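Read the figures in this text as sums done on the coordinates, not as results from a lab. Since the model is a prediction, treat every value here as computed from it, not as a measurement. In this analysis, Cβ positions are derived from the backbone assuming ideal geometry, glycine residues included, and neighbour counts consider all displayed protein chains.
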Amino acid sequence: MNLVIVESPAKARTIGKFLGEGYAVEACMGHVRDLPAKRLGVDVSHNFTPTYVIVSGRDKVVKSLRQKSRKMDRVYIGTDNDREGEAISWHLKEALGLKNGPVRIIFNEITYPSIRKALENPQDISVHKVDAQQARRILDRLVGYMVSPLLWKKVRRGSSAGRVQSVALRLICEREEEVKSFVPEEYWTIEAELEQEKGEKFNAKLEKIGKAKAEIPKQKEAQKILNDLEGKPFIVKSVETKKEERKPLPPLTTSSLQQEASKTFRFRAARTMRIAQQLYEGLDIGKEGTTGLITYMRTDSVQVSDEAQKKSIQFIREKFGAEFVPEKGRKYRSKKGAQEAHEAIRPTDVHREPGSLKDFLTDEQMKLYSLIWRRFVASQCKNAVIDAALARISAGKYEFRASGTKVRFAGFLIVSEDTDERKRLPSLREGEKLKLLGIAPLQHFTKPPARYSEGTLVKALEEKGIGRPSTYAPIISTIQQRDYVGREKSRLFPTNLGVMVNRLLVQSFDDYFNVTFTAEMETQLDKIEEGNLDWVEVVRDFYGPFELSVQKAAKNMENVKKDLEEETDETCEKCGGGMVIRWGRYGRFLACSNFPECKNSRSIVVETGMECPRANCGGKVIEKRSKKGRTFYGCSNYPKCDFASWQKPRPVKCEKCGAAFLVERRKGGVETLECVQEGCHYKTSN
């Protein structure tokens, strides 16, 4: 009898169905050991030796696994194939008291052949990977435990700093400064609507005046040009047509998956990874049973296995025809430092088309699977061939430009849905005279750099070498949970608190909370994993100078608690003083301005203007905050009435049951309004 241990119950169920009798598959529920929650847990005087304890709530899991492992002939640990997964394997081995030997099984997809192959080739746990993850954990703990107390004293109770999260916050704050300091500049363009003798119409844009580029700063200059153009014939000066080849994009990585899902579906990074985890761990797809639909979703490699490539080429030949198959199998180059042992994110079986799964996947699962499937299949197709036409049209000394494209051979476009949206240009000949149907000046203003979305922030983090595939989503979630960053219309902006914290960290720790240092630290962690650096050395080199910076900051860091206070019109009912808004561990609250003489405080009541939907309650629906800082909506009569909803209420009456309001709900990128009354399932689009 053999025991296989994985992280999650879903993963355990899928693998358990593959293996059948002779194998017990159990879930450890993620990390089983970690540094203690309420103390440093790192002996800085003795080579930064960590003290590990069983994670709260995992005691029963560890005890059960320990008992089961003693009854088994073999124990295998099949955690994820990355540093964190390797560390979980090592902690499990230590916690269960397993003997030395090859207990680690590694697989990139949860399919029967992949699991069988992994079981036939067990490995030793990689000490270097464990060291790299241990170094990361200890560095993060040192930064958190040394800097956070300063922020508690100088900013607000509950504030904290993170080695990598603080750099992400800095990027957002710097972008916000660029946006606010941007001064828009006016400029104008001129477009003409033209028609051939045979009746085909197209638009052309003024490009040159004489030999100079057309630059029109004001309406006055634009009108002068229009006056000058009156009566002038529009004649085709030249026509250029050239064949262009467009290459497909490589298969998706963690970063590009999060970027595409953000851009296409407005999925948050955490949501994208949650859905991808479900597709990876396995779903019931009818006759095939429960199976993993995609390969491991935390990867920075664009490589795919030879076997997967052969199957994709076979599929493309059968589905679209031999003309869509490239002469040689495509190879893509991953970015520097990528983990080439991993594959890109791809479907585990390319023949499993999205349409065949529509009855088994949720809307959001289908969207993400389709994105992954199409990107992978397109990446293995032949180039698309495009005919690009460019026409230059003269009108006196003025030269207009018109362009268009026509797909000569679809290539990868046949599957990617990446259509070229530029208009086709009609067939023009040199010297052809055109009819002017209309001409118009268009006013424009230069635009500031766009605030980051979660997708573009992930792209920036990857390009700058900050974090790794498994850390992007947690980084973004953390800075929002701490109230350092807000989100509006899918764009991220720093809160007043975030701006204050960033300013203090940059003033006191500029050498550490910056892009260059953080990227270099990631490189050192990579070298530890490769066995080229000692983890204790790396931590020691960091700790000495950083400790001095902390000591200096303790003396010099500015106290901004007063700057975060907001005056109100409310009066303290105990001493008559004015009430101010302050920041606490769980967000903003009202406190007496005469503190510490008067310690009166109360929560801020944000009314929605709607009454509680519970019968005979009479309470008001107000905005509240959970202990983790998440906004929800509940009854003002709590605890007598326990009505609560995560969704924001809207003053729209339910047409079915007459409830006073509906709540917003977003699913699969579609926003709806739904009734909260039990038993009423009324829903309408927003």
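Okay, here's what the table says:
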item	result
Calculated [θ] (222 nm, deg cm²/dmol) that DSSP helices of n ≥ 4 give over the chain, each run adding -39,500 (n - 2.57)	-11000 deg cm²/dmol
Neighbour-limited loop hits for trypsin sites (Lys or Arg not before Pro), region 510-568 (at most 15 other Cβ within 10 Å; DSSP other than H, G, I, E, B)	Lys561
Computed E for Ala460/Thr631 - FRET, C-beta separation, R0 30 angstrom, nearest 0.05	0.65
Listed residue pairs exceeding 18 Å between alpha carbons, taken from Lys211/Lys397; Lys242/Lys423; Lys242/Lys397; Lys63/Lys93; Lys154/Lys561; Lys237/Lys397	Lys242/Lys397
Efficiency of FRET from Cβ geometry, Glu288 and Arg665, R₀ 25 Å, rounded to 0.05	0.20
Net charge of neighbours whose Cβ lies under 11 Å from the Cβ of Glu607, counting Lys and Arg as +1 and Asp and Glu as -1	-1
Inter-probe distance in nm under a simple model that places probes 7 Å from Cα toward Cβ, at Gln647 and Asp563	4.1 nm
Packing-based exposure ordering (other Cβ within 10 Å, fewest first) of Leu40, Leu151	Leu40, Leu151
Shape of region 254-379, Cα gyration tensor, a/c cut at 1.5	oblate
Alpha-carbon centroids, region 341-358 and region 393-408: separation in whole Å	43 Å
The chain - share of DSSP beta bridges that are antiparallel (%, nearest 5)	90 percent
Percent RCO, i.e. relative contact order, over the chain, from Cα pairs under 8 Å lying at least 6 residues apart	14 percent
Residues in region 186-209 that a label on Lys224 would reach, taking backbone N under 19 Å of a point 7 Å out along Cα→Cβ	186-191, 206-209
Alpha-carbon centroid distance for the pair region 593-609 / region 538-582, whole angstrom	19 Å
Which listed pairs, of Lys459/Lys648; Lys489/Lys620; Lys624/Lys648, have C-alpha distances above 22 Å, in listed order	Lys459/Lys648; Lys489/Lys620
Relative compactness, the chain, computed as alpha-carbon Rg over 2.2 N^0.38 Å	1.16
Nearest-0.05 FRET efficiency for Ser403 and Glu185, computed from C-beta distance (R0 35 Å)	0.85
Kyte-Doolittle at least -1.0, axis length at least 30 Å by Cα - qualifying DSSP helices, the chain	127-154, 535-556
Loop chymotrypsin sites (Phe, Trp or Tyr not before Pro), region 606-667 (other Cβ atoms within 10 Å of the site Cβ: 15 or fewer; DSSP)	Trp646
Check: the chain dipole with +1 on Lys, Arg Cβ and -1 on Asp, Glu Cβ, in debye	760 debye
Separation in nanometres of the label points that stand 7 Å from Cα toward Cβ, at Asp59 and Glu327	6.9 nm
Whole-Å distance, taken between Cα centres, linking region 53-113 and region 287-315	25 Å
For peptides 102-108, 203-209, 131-137, 607-613, sequence by mean Cβ density within 10 Å, most packed first	131-137, 102-108, 203-209, 607-613
Net charge over other residues, Cβ less than 9 angstrom from the Cβ of Arg375 (K, R count +1; D, E count -1)	+1
Net charge of Cβ neighbours under 10 Å - reference Lys620; Lys, Arg +1; Asp, Glu -1	-2
Using distinct alpha-carbon pairs, which all enter the 1/r mean, Kirkwood radius of region 606-685 in Å	13.0 Å
Rounded to 5, percent antiparallel among DSSP beta bridges of region 2-125	35 percent
